[in-house]
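A short write-up of the structure that comes next.
The values are calculated or read from the model by the stated rules, or taken from the named source; none is laboratory data. Predicted model only: the values in this text are computed from it and were never measured. Virtual Cβ from ideal backbone geometry, glycine too; neighbours counted across all protein chains shown. Note: accessible area is taken over every heavy atom of the protein model, side chains too, but ligands, DNA and RNA are not part of it. Shrake-Rupley method; radii C 1.70, N 1.55, O 1.52, S 1.80 Å.
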Amino acid sequence: MSIGISDDGKLFTIDTENTSYQMKVTSQGHLIHTHYGRRIYGDASINLERKDRGFSQNPTPEKKLRDYSIDYLPLELSGFGSGDYRTSAVTIMNGDGSTCFNPVFEGYELKKGKYSIEGLPAFATDNAETLVITLVDKASQVRARLFYSFLQEKDIITRALEIENDGDKDIRILKAMSTSFDIAYGDYDLISFPGRHCYERVENREHVSWGCKRLGSTRGYSSHQMNPAFILAERNTDEENGEAIACALVYSGSFVAEVEKSQYGSFRVQIGINDEAFSYPLAPGECFRGPEAILSFSAEGLDRLSYNLHMAARENLIREIPDRKHRPVLINSWEGCYFDFSAQNIIDLARDAKTLGADMVVMDDGWFGKRDDDFSGLGDWYVNEKKLKMTLGEMVERINKEGIRFGIWFEPEMVCEDSDLYRAHPDWALTVPGRTPSYGRSQLVLDFSRKEVRDNIFEQMSRIMDSANIEYIKWDANRHISEFFSRGAEDQGTTGYRYMLGLYEFLEKFKNRYPGVILEGCSGGGGRFDYGMLHYFPFIWTSDNTDPIDRLSIQRGTSFFYPPETMGCHVSASPNHQDGRETPFFTRCATALTGTFGYELVPSRLSDEERSIMKWANEYNRSNWEIISKGRYHRLSDPEQDDYYAWMIVANDGSKAILHTVSKTNHGNNRSVSIRLRGLDEKAWYRIGENVVSGSVLMYSGMLIPDRKGCYEAGIFIIEKVE
Ligand code: GLA
């Protein structure tokens, strides 16, 4: 049994392989958080001191409870308006207009198997239990149900929240954090992953000081600007040493994460749906279900934390796809052709793909409706045969005849005002009557919370899918939501949440109808790179920025929570189209090769040397796919701080590793660079090129990186165990 409950039913301990998560019911019925960290045996509440603290409210006027206050106790689910002044986990507007919510323990249930959440993606396992703890606000009879489960070997705790109105008045949920707990003691750094379009998820580490730090997105999507995932690390924690807790939301809409250092130095840690632009009405008898949050703890630094998260995403979240063995290496038409192509150009790409050992071509934006630029056409999913100069079926047949597979781009959630769909159904866009909408890339967002909208798009997409042998879809979403107003809803406080439920339902239906089709996620690059999306899309276009040097920081930041094969990584032209930087072809390959690999260029424009590197690279990605998609990823340096970057992936049986290095700058009379490798067998011997070196030397002494001759030089090293 991994969930331990004391005989009196008041102490709950969830154990994973190396961690314990513990809660206890107090004498006054509050559920407190007593421990999350290394495995413990016994009750950790012994550490909590009770004191009469000024200006911290007590539950009764009696003297004996002067030392009891939820204002300083470490809580497992905080309410509002009952004496806890820290940021709340749940805020309710009651039927009488008050906003008090004082959740106390009512009971628990232990169930076989891991819970699932209707309509929302979640981690899954056959090998777990679920602990459901029910808390009630006695005056309003509103209940909060906390669902806990775990992934044993991956040291992951999952949690979800349900709120049920068992009172007799209508209420409104104003805030509902999926996970929330207080850490009584410590000194922490917060590691978050902020960014912007074309520079997503770059690691940001800061000391947590007094007050409440809020990270989040109100953009309707998880966003480029902040990822729904963060780490709380002890101050001296680094890649290999020290304690750290990871927290992430399995959701792709607006979210908020809060870390508050309270007056007595405790920390409140929480994540959930963003409470701005969220207010959820709940009639008597109704229930609200929030998205899942996951936690992981490591006492062996950030490297181990990432490993836990990577393995959980791989084995418990991402849906199996037929190409798990090896993702097709593809050539995408975007940066090579933009809107300017006919079917012949795509067929030419396929011919090149064949000669160069790639597997697929993907026809990006521009093939449908009236779409020669990004001002019109979204919403009209019929083939522009005038532009292609042939039918889609015929084009795909000719591509397939070359021995190359075919993929296509869609942006299903969007509409341009200049489209037949918008002209027929202007009310299907998320806009507010009487108010000028705001535009992103000259487009509006379709109201995916409405079934008739989803059905129309589904039908249009199916017609395309059924007309040709389409084996792959790149699913884009190129703006954020601003006007959260659905003409199909009476209450607008739920629009963002119901949009997401609609999107997930669509994806579920699409996956069932086209189970063999590979789905690539995208939102202007990595604008929706989250665990919610990964459930449906096994990989996501990491960023619209394909400059390999910027990509070092982007991919490194992404790697904290997401495994390498979930990152779509393509080689593009030089000078780079986003920032004009010139880099060697090999360096562009070295940066992209440890992800789901491909190209954004026209190969016929490459030199012979580049084409032969391309052939080699395709084979390299294929032959190392097992390591890339299943192995353990190690960040060996930080491109924001060091003038080179190195990362490696080690096969799970330790027999082989690949090491990639890229230098960011170059100097006259360079300092030598030696990198300490990780994850090898210290007693084994490894062959690297001509040399045979012991694992212990490579890991504890280091490996000398050959001298750089120019800027942006890359190295790829294969490290194989010698029998
Ligand atoms: C987004 C994507 C790009 C490309 C364009 C097409 O920006 O991230 O890769 O598909 O849309 O319009």
- Message: At 1.4 Å probe size, with the rest of the protein present, what percent of the exposed accessible area of segment 60-111 is carbon and sulfur atoms?
- Response: 54 percent
- Message: 5 Å is the cut-off here: which amide hydrogens, built 1.01 Å from N in the peptide plane, fall below it relative to V362, excluding neighbours closer than 5 in sequence?
- Response: I331, N332, S333, G407
- Note on the structure: Residues meeting the amide H criterion for S178 (H placed from the backbone, H to H distance under 5 Å, 5 or more places apart or on another chain) are I271, G272, I273
- Rounded to whole Å, sorted largest first: equivalent-ellipsoid semi-axes of segment 493-573, Cα gyration tensor: 26, 15, 11
- Note on the structure: For segment 687-700, in residue order, the Karplus 3J(HN,Hα) values (coefficients 6.51, -1.76, 1.60; θ = phi - 60°; whole Hz; Gly and Pro = x) are 9, 10, x, 7, 9, 10, 10, 7, x, 5, 5, 4, 8, 9
- For every helix of n ≥ 4 consecutive DSSP H residues, a contribution of -39,500 (n - 2.57) applies; sum these over the chain, divide by its total residues, and give [θ] at 222 nm rounded to the nearest 500 deg cm²/dmol. -5500 deg cm²/dmol
- Task: Determine how large the accessible area of S442 is when every protein chain is in place; take a 1.4 Å probe and give Å² rounded to the nearest 10.
- Result: 40 Å²
- Accessible surface ranking that places the most exposed of E206, E582 first, with a 1.4 angstrom probe: E582, E206
- Task: State the volume of the convex hull built on the alpha-carbon positions of segment 436-571, expressed per residue in Å³ and rounded to an integer.
- Result: 138 Å³
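Could you give the C-alpha radius of gyration of the chain expressed as a fraction of 2.2 N^0.38 Å, taking N as the number of residues it contains?
On the way: Rg = 26.6 Å, N = 723, 2.2 N^0.38 = 26.8 Å.
Relative to the 2.2 N^0.38 Å estimate, the chain comes out at 0.99.
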- Item | Protection-proxy order for peptides 373-381, 49-57, 410-418, each taking the mean of Cβ atoms within 10 Å per residue, highest first | 410-418, 373-381, 49-57
- Message: Classify segment 1-136 from the C-alpha gyration tensor, please: rounded if a/c falls under 1.5, else prolate or oblate depending on whether a/b exceeds b/c.
- Response: oblate
- Item | Of Y115, S604, Y686, farthest towards positive along the dipole that unit charges on Lys, Arg, Asp, Glu beta carbons give the chain | Y686
- Whole-Hz ³J(HN,Hα) from phi, Karplus 6.51 cos²θ - 1.76 cosθ + 1.60, for segment 5-18, glycine and proline x: 10, 5, 4, 7, x, 10, 10, 10, 10, 9, 9, 10, 3, 10
- Message: Quick check: with the 1.4 Å probe, what order do Y422, Y504, Y115 take by accessible area, largest first?
- Response: Y422, Y115, Y504
- Helix 608-623: angle to the longest alpha-carbon principal axis of the chain, degrees 0 to 90, nearest 10? 40 degrees
- Query: Against the longest alpha carbon principal axis of the chain, how many degrees, from 0 to 90 and to the nearest 10, is the axis of helix 392-401 turned?
  - Reply: 70 degrees
- Query: Given a 1.4 Å probe, how much area per residue of segment 437-489 is accessible, in Å²?
  - Reply: 34 Å²
- Message: Residue by residue through segment 592-602, what is 3J(HN,Hα) from phi via Karplus (6.51 cos²θ - 1.76 cosθ + 1.60, θ = phi - 60°)? Round to whole Hz and write x for glycine and proline.
- Response: 8, 5, 9, x, 6, 9, x, 9, 10, 6, 9
- Task: Could you tell me how many degrees, from 0 to 90 and to the nearest 10, lie between the Cα long axis of helix 495-513 and the main elongation axis, the longest principal axis, of the Cα atoms of the chain?
- Result: 50 degrees
- Item | Exposure ranking of C247, C198, C212 by accessible area [1.4 Å probe, largest first] | C212, C198, C247
- Query: For segment 567-610, what mean projected area does the convex hull of the alpha carbons give, in nm²?
  - Reply: 3.1 nm²
- Task: Averaging over all projection directions, find the projected area of the Cα convex hull of segment 560-713 and quote it in nm² with one decimal place.
- Result: 10.1 nm²
- Query: Under a straight-distance cross-link criterion of Cα-Cα below 20 Å, which lysines are reachable from K63, leaving out those fewer than 8 residues away in the same chain?
  - Reply: K51
- the chain - percent relative contact order, Cα under 8 Å, separation 6 or more: 10 percent
- Would you calculate the volume per residue, in Å³, of the smallest convex hull containing every Cα atom of segment 141-184? 91 Å³
- Item | Solvent-accessible area of Y108 with every protein chain in place, 1.4 Å probe, in Å² to the nearest 10 | 100 Å²
- Message: Keeping all protein chains in the complex and leaving out DNA, RNA and ligands, what accessible area do you get for C711 with a 1.4 Å probe, in Å² to the nearest 10?
- Response: 70 Å²
- Under-5 Å amide H pairs with E286, H placed in peptide plane, nonlocal only: N165
- Note on the structure: With D189 itself left out, Lys, Arg at +1 and Asp, Glu at -1 over residues whose Cβ is under 9 Å from its Cβ give -1
